[in-house]
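Notes to accompany the following structure.
All of the numbers you see were taken from the coordinates with simple rules; none came from a lab. Treat the numbers as computed from the prediction; the structure is a model and nothing was measured. In this analysis, Cβ positions are derived from the backbone assuming ideal geometry, glycine residues included, and neighbour counts consider all displayed protein chains.
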Amino acid sequence: MTERTLILLKPDAVERGLRGEILRRLEAKGYGIVALDQRVADADTLAAHYAEHEGKPFYGPLVEYMGSGPLVAVVAEGEGVIAGFRSLAGATNPTAAAPGSIRGDLAREWDAPVIQNLVHGSDSVESATREIGIWFPALG
Ligand code: CMP
């Protein structure tokens, strides 16, 4: 099914100059880019995006990390893109992520209270709809 997903190239991806490499993998897989915007995320946007993690021990460091510098928000489109991009991204933990995946190849293991893993991708159709509405209200 053709669907849309919300992808974030997190501040570590931007800082390390990996935007092109990550977007290249996305496009090489055949997915389209519907919208793309680099910005420093504000507190309200991050609170909405990460509402499900509020109260967890890594919530504070997560919001701090995600607001620490520019990130790139992307809406991608394609057949099965929600699961497909999560497959391209690899496991949440960079050490566990398979070689060949974005995180397996590129994310470094950090001795930090929050996992810095380069990218976010929506995990379901419902999440994608919600997250696209948060980051790109005009598309929501
Ligand atoms: P993401 O899947 O984009 O959204 C939640 C983020 O929180 C996740 O990426 C990681 O960056 C971070 N995260 C998830 N689980 C943990 C954990 N157990 N400890 C630290 N950070 C985490």
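As a proxy for reagent exposure, ranking Lys29, Lys10, Lys56 by other Cβ atoms within 10 Å from fewest up yields Lys56, Lys29, Lys10. Counted by neighbouring Cβ atoms within 10 Å, the residues Asp44, Asp111, Asp12, Asp123 run from fewest to most as Asp111, Asp44, Asp123, Asp12.
Using a Debye calculation, one point per C-alpha and no hydration shell, please list log10 I(q)/I(0) for the stretch 20-140 at q = 0.20 Å⁻¹ in order. The Cα Debye sum returns log10 ratios of -1.35.
The helix-only estimate of mean residue ellipticity at 222 nm for the chain, built from DSSP H runs of length n ≥ 4 each weighted as -39500 (n - 2.57), is -10500 deg cm²/dmol after division by the residue total.
All alpha carbon pair distances within the stretch 1-86 were sorted into 5 Å bins beginning at 0; the resulting P(r) in whole percents reads 3, 14, 23, 21, 19, 14, 6, 1. Among Thr2, Thr92, the order by Cβ neighbours within 10 angstrom, fewest to most, reads Thr2, Thr92. Restricting the GluC sites (Glu not before Pro) of the stretch 1-73 to loop positions (DSSP other than H, G, I, E, B) with no more than 15 neighbouring Cβ atoms within 10 Å leaves Glu54. Placing a label point 7 Å from the Cα of Leu139 along the Cα-to-Cβ direction, the residues of the stretch 2-27 with a backbone N closer than 16 Å are 2-10, 23-24, 26-27.
Between Leu62, Ile132, Ile102, the Cα set farthest toward the positive side of the dipole of the chain (charges on each charged residue's Cβ, about the Cα centre) is that of Ile102. Summing Cβ point charges (Lys, Arg +1; Asp, Glu -1) relative to the Cα centre of the chain gives a dipole of roughly 320 debye.
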